[in-house]
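For reference, the structure discussed in these notes is given below.
Please treat every number below as a calculation from the coordinates, not as lab data. Since we're looking at a predicted model, the values are computed, not measured. As a convention, Cβ positions derive from the backbone with ideal geometry for all residues, glycine included, and neighbour counts pool all protein chains shown.
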Amino acid sequence: MSTSTSFYSPNELTKLEFKTLGNNVLISRFAKFYGIENMEIGNNVRIDDFCILSGNIKLGSYIHISAYCALYGQFGIEMEDFTGLSPRCTLFSATDDFSGDYLIGPMISQEYTNVTGGKITIGKYSQIGAGTVILPKVTVEEGVAVGAMSLVRNNLKKWSIYAGIPAESIKKRKRRCLNLMR
């Protein structure tokens with residue numbers, strides 16, 4: 001273990017047994033993974049301190065997941081290339097039924113709960129602002145920027161900027177970034 005970095009070495013990463021693991025991946029030793037055998041990680045990915053990734057997660061390439069983010073992927077989470085999560089974002093692909101008809105929590109037998117959900121997809125070139133929460137069954141289309149402290153409960157249309165609780169479209173987003181790495 002290197003004392004000069006809080007990131008796993010490439011050799012240490014291969015021993016973690018991700019489903020797939022690309023090149024140039026930096027993962028903090030302080031990040032936690034549950035169901036790591038179901039996680040796919042592309043090239044040029046960085047996952048910072050105190051993140052939790054759980055369930056079925058697919059990360060493309062050129063992705064940054066900032067400190068204190070939580071990705072709960074029971075029903076699947078996919079982040080496509082050139083996407084990122086700012087600090088303290090939380091993505092829930094599953095949710096309990098809070099109606100009062102069922103009990104809630106991981107220590108309750110499934111016969112008494114009603115967990116539902118669906119895959120979350122974050123399209124290419126999208127960035128999610130600090131403290132944002134994304135609920136199940138949401139698609140954030142290509143090129144979306146979401147402002148800090150937003151609640152995303154519906155699909156977001158491509159190349160737009162959203163913010164608020166719930167997140168609403170503010171204006172169109174420029175596409176210059178598409179030409180930067182050609």
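Summary of computed values
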quantity	calculated
Number of positions in the stretch 137-168 that are out of contact with any Leu (no Cβ under 7 Å at 6 or more places or on another chain), among the charged types (D, E, K, R) and assigned to a loop (DSSP other than H, G, I, E, B)	4
Leading residue by the ranking (surrounded by the most Cβ atoms within 10 Å (Cβ to Cβ)) among those in the stretch 30-55 that are over 17 Å from Phe82 (Cβ atoms) and charged (D, E, K, R)	Asp48
Residue within the stretch 123-131 that is more than 22 Å from Gly60 (Cα to Cα), out of contact with any Pro (no Cβ under 9 Å at 6 or more places or on another chain) and among the aliphatic types (A, V, I, L, M) present	no
Residue pairs meeting the criteria (Cβ under 6 Å; at least 6 apart or on separate chains; first touching a residue at least 40 places away in the same chain (Cβ under 8 Å), in the stretch 107-135; second among the aromatic types (Phe, Trp, Tyr))	Gly117/Phe75; Gly118/Phe75; Lys119/Phe75; Lys124/Phe82; Tyr125/Phe82; Leu135/Phe92
Filtered residues of the stretch 165-180 (kept if within 22 Å of the chain's Cα centre (by Cα) and in contact (Cβ under 8 Å) with a residue 12 or more places away in the chain)	Ile165, Pro166, Ala167, Ser169, Arg173, Cys177, Leu178
Filter pass, Tyr125 being surrounded by 14 or more Cβ atoms within 10 Å (Cβ to Cβ) and of a type in the set (Phe, Trp, Tyr)	yes
Lone unmet requirement of (1) under 25 Å from Asn155 (Cβ atoms); (2) part of a loop (DSSP other than H, G, I, E, B); (3) of a type in the set (Asp, Glu); (4) without any contact (Cβ under 8 Å) to a residue 40 or more places away in the chain for Asp81	(4)
Residue list for the stretch 87-98, filter: in contact (Cβ under 8 Å) with a residue 12 or more places away in the chain and closer than 18 Å to Arg153 by Cα	Arg88, Cys89, Thr90, Leu91, Phe92, Ser93, Ala94, Thr95, Asp96, Asp97
Hits in the stretch 82-106 - residues which are within 12 Å of the chain's Cα centre (by Cα) and not hydrophobic (A, V, I, L, M, F, W, C)	Thr83, Gly84, Ser86, Pro87, Arg88, Thr90, Ser93
Residues satisfying the stated conditions in the stretch 68-78, i.e. in a loop (DSSP other than H, G, I, E, B) and under 8 Å from the mean Cα position of the chain (by Cα)	Cys69
